[in-house]
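The structure appears below as structure tokens.
The values are calculated or read from the model by the stated rules, or taken from the named source; none is laboratory data. Treat the numbers as computed from the prediction; the structure is a model and nothing was measured. Here the Cβ positions follow ideal geometry from the backbone for every residue, glycine too, while neighbour counts run over all protein chains shown. Remember, those area values only see protein heavy atoms, side chains included, never the ligands or the DNA or RNA. Shrake-Rupley method; radii C 1.70, N 1.55, O 1.52, S 1.80 Å.
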Amino acid sequence: MSLTPFHLAIQVRDLQEAREFYGTKLGFPEGRSSDQWIDFDMFGHQFVVHLNPTLGKQGKVNQIANHVDGHGVPVPHFGVVMAFDDWQCFAKQLQSIIDNFIIEPYIRFAGEAGEQGTLFFTDPSGNALEFKGFRNIEAQLFNKG
């Protein structure tokens, strides 16, 4: 089966804030929208932010941290898997626009079958994002060693 775009919908506390973060700051093209949601093109995937007014203007989505490779990985999180060179370029771009990484860009599982570039940060509503890059996605993505 060939890969097809995913659809992911998340909650945000403020649509204009999300539009500025995902559209302006991260550069994801905006698609359809209403006064309750906005579609974005996240590297060819349909990513939708939905207004959750119960979060309040300063509210955040709750998360826990699981330890992976010596780091506290936020759960839940989402993002995109990329070719390693694309990840490196995106990581460099993010370093100039993201103020507070949860996990700075680094190579996880160095020298192992699952070696990958990874990084984590949150949007203004507290949703955690991870972007990762593999040198050989087909061989490394699910390889257990």
Helix 84-95 sits at what angle to the longest principal axis of the chain, using alpha carbons and giving 0 to 90 degrees rounded to 10?
-> 50
At a 1.4 Å probe radius, carbon and sulfur cover how many percent of the accessible area of the chain?
-> 52
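Pull up the DSSP beta bridges for the chain and report the antiparallel fraction as a percent, rounded to 5.
Expressed as a percentage, antiparallel bridges in the chain total about 65.
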What are the chymotrypsin sites (Phe, Trp or Tyr not before Pro) within segment 97-145 that DSSP puts in a loop, where the Cβ has at most 12 other Cβ atoms within 10 Å?
-> PHE142
Residues of segment 1-124: accessible area per residue at 1.4 Å, in Å²?
-> 57
About the Cα centre of the chain, how large is the charge dipole given +1 on each Lys and Arg Cβ and -1 on each Asp and Glu Cβ? Please answer in debye to the nearest 20.
-> 200
Rg(Cα) / (2.2 N^0.38 Å) computed for segment 30-80, rounded to two decimals | 1.47
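Hey, could you get me the Stokes-Einstein D for segment 53-131, Kirkwood radius over alpha-carbon pairs, 10 °C and 1.306 mPa s, rounded to whole µm² s⁻¹?
Rounded to a whole number, D works out at 117 µm²/s.
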For segment 81-145, state which trypsin sites (Lys or Arg not before Pro) are in a DSSP loop and have at most 10 other beta carbons lying within 10 Å of their beta carbon.
-> LYS144
Whole-number D in µm²/s for the chain (Stokes-Einstein; Kirkwood sum over Cα pairs; 10 °C, 1.306 mPa s) | 98
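For the chain, what's the relative contact order in percent, using C-alpha pairs closer than 8 Å and at least 6 residues apart?
22
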